[in-house]
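One structure is given below, encoded as structure tokens.
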Amino acid sequence: MKYKNLAAELARRGMSKKDLVEELSKRGVKISYTTLWRIMCGKSKISLKEALVMAEIFEVSPKYLFEEEV
């Protein structure tokens with residue numbers, strides 16, 4: 001997993017990737033489960049809008065949420 005903090009926030013809130021995709025959709029960001037998985041694994045790039053909305057959902061900074069695992 002490339003973005004360990006994103007995975008941690010999902011777990012902390014008891015959210016599945018599907019839940020996150022649905023919440024993003026409610027906020028105007030349309031991505032598929034597969035795209036989210038690819039983003040989390042570092043196989044797809046994330047757009048600025050996607051990053052900002054995810055950070056808003058989790059009430060954290062985008063910098064924290066997408067800090068890369070070393």
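The values are calculated or read from the model by the stated rules, or taken from the named source; none is laboratory data. Computed from a predicted structure; not experimentally measured. As a convention, Cβ positions derive from the backbone with ideal geometry for all residues, glycine included, and neighbour counts pool all protein chains shown. Side chains included, ligands, DNA and RNA excluded: accessible areas come from the protein's heavy atoms. Shrake-Rupley method; radii C 1.70, N 1.55, O 1.52, S 1.80 Å.
Sub-7 Å Cβ pairs linking a first residue in the range 29-49 that is within 16 Å of LYS4 (Cβ to Cβ) to a second residue that is part of a helix (DSSP H, G or I) and among the charged types (D, E, K, R), at least 6 apart or interchain, are LEU36/LYS17; TRP37/LYS17, ordered by first then second residue. When both residues are 6+ apart or on different chains and their Cβ atoms are under 6 Å apart, which pairs have a first residue that lies in the range 1-23 and is within 20 Å of LYS45 (Cβ to Cβ), and a second that is part of a helix (DSSP H, G or I) and open to solvent by 60 Å² or more (accessible area, probe 1.4 Å)? Within 6 Å, the pairs are ASN5/TYR64; LYS17/TYR33; VAL21/TYR33.
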